[in-house]
Amino acid sequence: MGRVSSPPAPPAVSLRGIHKSFNDVPALVDLDVVAPDGRITVLLGPNGAGKTTAIRVVTGAMEPDAGTVRTLGLDPDADGEEVRHACGVVSAKPALYDRLTGLDNLRYAAELHGVDKRIIDERIRAAAGRFGIEHALHSQVGGYSTGMKTRLALARSVLHDPRLLLFDEPTSGLDPESAQAVLQLIRDMTTDGHTVVMCTHHLVEAEGLADHVVVLDAGTDLVSGRPDDLIKGFWPDDSVEIAVEGNPTLDDLTVLPGVIRIERSKRGTRVILERPDVTPDVVEALVRAGHRIRMVNPHDPTLEELYFAVRRSARDLGETATQEVMS
Amino acid sequence: MSGSGMNWSRTFTVARTDVKQLVLAKDFWMPMGILGSIFFVIVPLVLLFSITSLGDVEAVQNIANTLEVLPQKAQDQIKGDTPQGRTSYALAVFLFAPMAVVVPLTISTAVGAATLVGERERGTGEFLAHSPAGTKEIYLGKLMASLLPGYFTTMVGFTAYSLIVNVIVGPEVGGWFFPTTQWWLLMLWVLPGFLLIGLSLVLRLSGRVKSTAAAQQASGLITLPLIAISYAQASGAIYGTPTTTIVIGAIAWTIGITSTWKGMGAVKRQRLLGVADGV
């Protein structure tokens, strides 16, 4: 008998064709998001892209005007209690009760989630220890620093051992060290089998953390998939980086075919090319303009480059469509 | 306990947590204590002490004469052989009864008005919206948490008032007499019914308006006429027979329960989030 391969696990989150408007202002427009089970999915987008609204739709805290939502295979509209019980949420503002102590905040969440009273204390200790706030549990939350509040909110989100964790800008307002620590904690959670969906507009955070990326803009998804696949899909050929001496602007170079972008820094100017075959033309143009080339190297595009490229291409497409309509 | 039914454990958790926050808020319970003290301790103490100390002067005699405007059944209840005894008894039993309604209604509506909109303003509504707690559970939890501080203050004030009345007026009318049957019925049966009516209306408002300030303003519009009605009904409950009191209470409970049931829809997750179309 041959081995039967098990079917792929259904996605933890599936949003299909979601529309949502607030007083006729569209917040989500035909949004499709799939978050694979057991992975970290990052929703990337500028402020107002619809990331928070998408998270709210996932738990059923907000009903979409149209579209299909499946969270852990359930419909949040019909099975809201079960869905929300299986979710741990950290919202953009920590949403903590300032007058209560950290312990009271955690106990409140544990009781609302129906954690067995006999193990509540044990769970609270474990969650607080994991996020390094056990020493502050008996202090009023109003006196916590922003970092401490985020840690408490993270601890609260895992108390009931949810399958799906939804983090909305979890590092907003944190100093770089605290942000790194929080990201490491989030990374650790997927090793325990949790699925994480995280919103951010900090591209550096998503780099190296995301197993799956969805780029959002104006309430709709522009691209989604594994970062490597997306980068490969956008730039199928190996890209090239040319370092130029000095700090010239090189704005006229952007019109050359194959130039992705030009970066200027204190160390000099870099020209990023989307494929190797355009290198001779760009080098020739640089030399002809009197610039000295410091080095030419293969370049691995980052998620940040992908993000800007995707948004630029979406904008270009939009402008073309507008022009077509007007003509 | 789960599914679409009510989970009372979660309801009590919401109520307990809200009450705990109120207890920790000095800026809330200090004015509440002062209000209760004025109505249940200071005013009765000064008034009753003055009347019983004045003796058989003309002013007391005049007040005693005005007792004749009370319904005959009420007059029959008045104890005491001297004018100051009869006057202080009438004041203790009849005049202060409506105060027992005004104090808890004022306190509870102040708490209730801020309860739902406050979650939204502080951002904690987001936590509740994403929690498994049902909207009815949240509504009832908030209702309990709004009702308890006012009722508790009133019961503490009522106990203090009973002591004051018995100590000051008791010797004039032949011993401790307070609370009377009507007062027991008023406090334990009629008053909670009126509180329920007021809070069910105020919580509906709190779930719908955009700010705590707006909720306080709007709740004033609701509670002022309600206080006036309650004042009148409380007086009627005290002047009338126990049966009248029981009937008034039953009517209040019926209206209160109906209004609470209808008000459960005031809590929407979207409103807790504070998004534009949820307000």
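A short reminder: the numbers here are calculations on the coordinates, not readings from a lab. If you're wondering where the values come from, they're calculated on a predicted model, not measured in any experiment. Cβ: placed from backbone, ideal geometry, glycine included. Neighbour counts: every protein chain shown.
Tabulated results
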read-out	value
Modelled FRET efficiency - R0 56 Å, B:ASN65 with B:LYS268, Cβ distances, 0.05 increments	0.45
Length gained when the stretch A:THR254-A:GLU63 is fully extended (0.36 nm per residue, less Cα-Cα span)	64.3 nm
Pairwise FRET efficiency - B:ILE257 versus A:ASP24, Cβ, R0 = 51 Å, nearest 0.05	0.85
Translational diffusion coefficient (Stokes-Einstein; Kirkwood radius from C-alpha pairs) of chain B at 25 °C, 0.890 mPa s, in µm²/s	122
Pairs of alpha carbons in region A:13-226 whose separation is greater than 20 Å (percent)	56
In range of the label at B:VAL43: residues from region B:104-132 whose backbone nitrogen is under 18 Å from the point 7 Å along Cα→Cβ	B:104-110
Alpha-carbon centroid distance for the pair region A:259-279 / region B:21-86, whole angstrom	89
Under 23 Å from B:LYS262, Cα to Cα: lysines that are on another chain or at least 8 residues apart	B:LYS136, B:LYS142, B:LYS210
CD proxy at 222 nm, helix term only [per DSSP H run n ≥ 4: -39500 (n - 2.57); per residue of the protein assembly as shown; nearest 500]	-16500 deg cm²/dmol
Contact order normalised by residue count of region B:102-179, Cα under 8 Å, 6+ apart, percent	38
Whole-Hz couplings from phi, Karplus 6.51/-1.76/1.60, listed for region B:163-169; x for Gly and Pro	4, 4, 4, 5, 6, 8, 8
Volume per residue that the Cα convex hull of the protein assembly as shown spans, once the total is divided by residue count, Å³	232
Residue-count net charge about A:ARG294 - beta-carbon cut-off 10 Å; Lys, Arg +1, Asp, Glu -1	+2
Rough spin-label spacing in nm, given labels placed 7 Å along Cα→Cβ, for A:ASP281 and B:ALA25	6.8
Residue mean of other protein chain beta carbons inside 10 Å, A:78-84	4
Peptide-level mean, for A:92-101, of C-beta atoms on other protein chains within 10 Å	5
Footprinting exposure proxy for B:TRP189, B:TRP176 (fewest neighbouring C-beta atoms within 10 Å first)	B:TRP176, B:TRP189
Sites A:ASP192 and B:LEU54, calculated FRET efficiency, Cβ-Cβ separation with R0 60 Å, nearest 0.05	0.15
Positive-end residue of A:ALA66, A:LEU31, A:PRO162, charge dipole of region A:13-226 with Cβ unit charges	A:PRO162
Ranked A:HIS160, A:HIS202, criterion: other C-beta atoms within 10 Å, fewest first	A:HIS202, A:HIS160
Alpha carbon centroid spacing (whole Å) that separates region A:82-128 from region A:8-63	24
A:GLU245 paired with A:LEU317, simple spin-label distance in nm, labels 7 Å along Cα-to-beta-carbon	4.3
Dipole axis of chain B (+1 Lys, Arg; -1 Asp, Glu on Cβ), positive-most option in B:ALA64, B:SER206, B:LEU224	B:SER206
Simple spin-label estimate for A:ASP238 and B:ILE229 in nanometres, 7 Å along Cα-Cβ	8.3
Of A:GLY45, A:PHE131, B:PHE96, farthest towards positive along the dipole that unit charges on Lys, Arg, Asp, Glu beta carbons give the protein assembly as shown	B:PHE96
For region A:13-226, size of Cβ-based charge dipole, Lys and Arg +1, Asp and Glu -1, in debye	480
For region B:48-122, projected area of the alpha-carbon convex hull averaged over all directions, nm²	7.2
Size of electric dipole in the protein assembly as shown: Cβ of Lys, Arg +1 and of Asp, Glu -1, about Cα centre, debye, nearest 20	1520
Phi to ³J(HN,Hα) by Karplus 6.51 cos²θ - 1.76 cosθ + 1.60 over region A:207-221, Hz, x for Gly, Pro	4, x, 9, 7, 8, 9, 10, 10, 8, 10, 8, 6, x, 10, 8
Averaged over B:129-139, number of beta-carbon atoms from partner chains that fall within 10 Å	6
Ranked by how many other beta carbons lie within 10 Å on average, peptides A:290-298, B:80-88 from highest	B:80-88, A:290-298
